[in-house]
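Since the structure comes first, as structure tokens, the remarks are kept for the end.
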Amino acid sequence: MSIEACRTIARQRWGRCTAFRMGIVAGEIGARIVNQYHGRQADLFRQGLRRGRASAGRAAAHGNAL
């Protein structure tokens, strides 16, 4: 999945695309994209990535895989 696809999904879901929201989307769908952010934005991306992976794991455990 490309960065642009993740960005589009984030915009559709929340109306705006931030580093944190990009991380959530990438984590939920298991995308292997490069963190293109730097500094504080990179930290927010990683936090979103962890949250997205966690929520995808919970969904799969309950049989509601994305």
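Quick notes
- The range 38-58 - residue that is out of contact with any Asp or Glu (no Cβ under 8 Å at 6 or more places or on another chain) and modelled with pLDDT under 85 and, of those, most open to solvent (accessible area, probe 1.4 Å): 58
- Count of residues meeting criterion [surrounded by 20 or more Cβ atoms within 10 Å (Cβ to Cβ) and either among the charged types (D, E, K, R) or at pLDDT below 90 (or both)] in the range 1-37: 3
- Positions within the range 20-50 being in a loop (DSSP other than H, G, I, E, B) and either within 13 Å of residue 7 (Cβ to Cβ) or polar (S, T, N, Q) (or both), in sequence order: 31, 33, 35, 36, 37
The values are calculated or read from the model by the stated rules, or taken from the named source; none is laboratory data. Remember, it's a predicted structure, so these values are computed and weren't measured experimentally. Because the Cβ atoms are built from the backbone with ideal geometry, glycine has one as well, and the counts that use them run over all protein chains shown. Remember, those area values only see protein heavy atoms, side chains included, never the ligands or the DNA or RNA. Shrake-Rupley method; radii C 1.70, N 1.55, O 1.52, S 1.80 Å.
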